[in-house]
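Read-outs throughout are calculated quantities, based only on the coordinates presented, and are distinct from any laboratory measurement. As the structure is a computational prediction, the values presented were derived from the model and not from experiment. Here the Cβ is made from the backbone with ideal geometry for all residues, glycine too, and neighbour counts use every protein chain on show.
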Amino acid sequence: MRIILLAFILFFNGCTQLLRCQTLMLKITNISEQKGQLCIAFFDSEEGFKAEKTCYELKIDKSKVKLHELQVEIPFRSGKFGISVLDDANYDGKMQYNLICIPREGFGFSDYYHRGIKRPVFDDFDFYLEKNEVKTVTIRMKYF
């Protein structure tokens, strides 16, 4: 009986921890109709972004995109983050560039619409996810 009670307490405690988890609601808009996948990369610092060292990655096939838009709910830890999305048309996980270094594939950043061709810095698209928060982050894809 004690083992069952202990198992129930551990299970219940684990469930309540999950219920109090932070949640990111990602809304990705302006997605092209071409085939491919969306590579979603989470960064937790400028250094990580510069080195392309992610703290979390997610790949979603574009067959799930409806009317140029995708919404994803992700339970995540609290902290400071920035998100970049690559519209990976050829499934290689890398940005393709033309001869003059302009991206051939779409990209986007958390709550930041990038203008120009210079790479943004982490502070341009970072945000805080507070403990027990449900936060909506919008990423608008850009194509050249």
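Net charge near Asp126, counting Lys/Arg +1 and Asp/Glu -1 over other residues with Cβ under 12 Å of its Cβ?
The answer is -4.
Where does helix 2-19 land angle-wise versus the long Cα axis of the chain, in degrees 0 to 90, nearest 10?
Once rounded, the angle reads 30 degrees.
Expressed as a rounded percentage, what relative contact order does the range 23-140 have, with Cα pairs under 8 Å and six or more residues apart? Present the calculation step by step, with values, prior to reporting the outcome.
Values: 235 pairs, mean separation 42.9, N = 118.
Over the range 23-140, the number comes to 36 percent.
For the modelled label position 7 Å from the Cα of Asn30 along Cα-to-Cβ, which residues of the range 110-144 have backbone nitrogen atoms closer than 11 Å?
Residues 112-116, 139-144 qualify, since their backbone N sits under 11 Å from the label point.
Residue farthest toward the positive end of the dipole of the chain, with Cβ of Lys/Arg at +1 and Asp/Glu at -1: which of Tyr113, Pro103, Leu58?
Among Tyr113, Pro103, Leu58, the one farthest towards the positive end of the dipole of the chain is Leu58.
Whole angstrom only: what separates the Cα centroid of the range 37-53 from the Cα centroid of the range 85-136?
One Cα centre to the other: 9 Å.
Quote the FRET efficiency, to the nearest 0.05, computed for Phe127 versus Lys64 with a Förster distance R0 of 22 Å and r equal to the Cβ-Cβ distance.
Details: r = 24 Å, r/R0 = 1.08.
After rounding to 0.05, the efficiency reads 0.40.
Enumerate lysine pairs in the chain that are 8 or more residues apart or on different chains, then count those whose Cα atoms are under 12 Å apart.
Values: Lys27/Lys66; Lys27/Lys135; Lys35/Lys62; Lys35/Lys64; Lys80/Lys131.
Within the chain, the lysine pair count is 5.
So, R0 is 30 Å and r is the distance between the beta-carbons of Thr136 and Cys101; what FRET efficiency does that work out to, to 0.05? It would help to have the intermediate numbers written out before the result.
Details: r = 33 Å, r/R0 = 1.10.
Calculated transfer efficiency: 0.35.
Taking the alpha carbon gyration tensor of the chain, what are the square roots of 5 times its eigenvalues, largest first, to the nearest whole Å? Display every interim value, and only then the final one.
Details: eigenvalues 235, 59, 36 Å².
The three semi-axes for the chain are 34, 17, 13 Å.
In deg cm²/dmol and to the nearest 500, what is the mean residue ellipticity at 222 nm of the chain if only DSSP H runs of at least 4 residues count, each as -39500 (n - 2.57), divided by the residue total? Mind showing how you got there, number by number?
On the way: 3 runs with 27 residues, N = 144.
Theoretical 222 nm ellipticity from helices: -5500 deg cm²/dmol.
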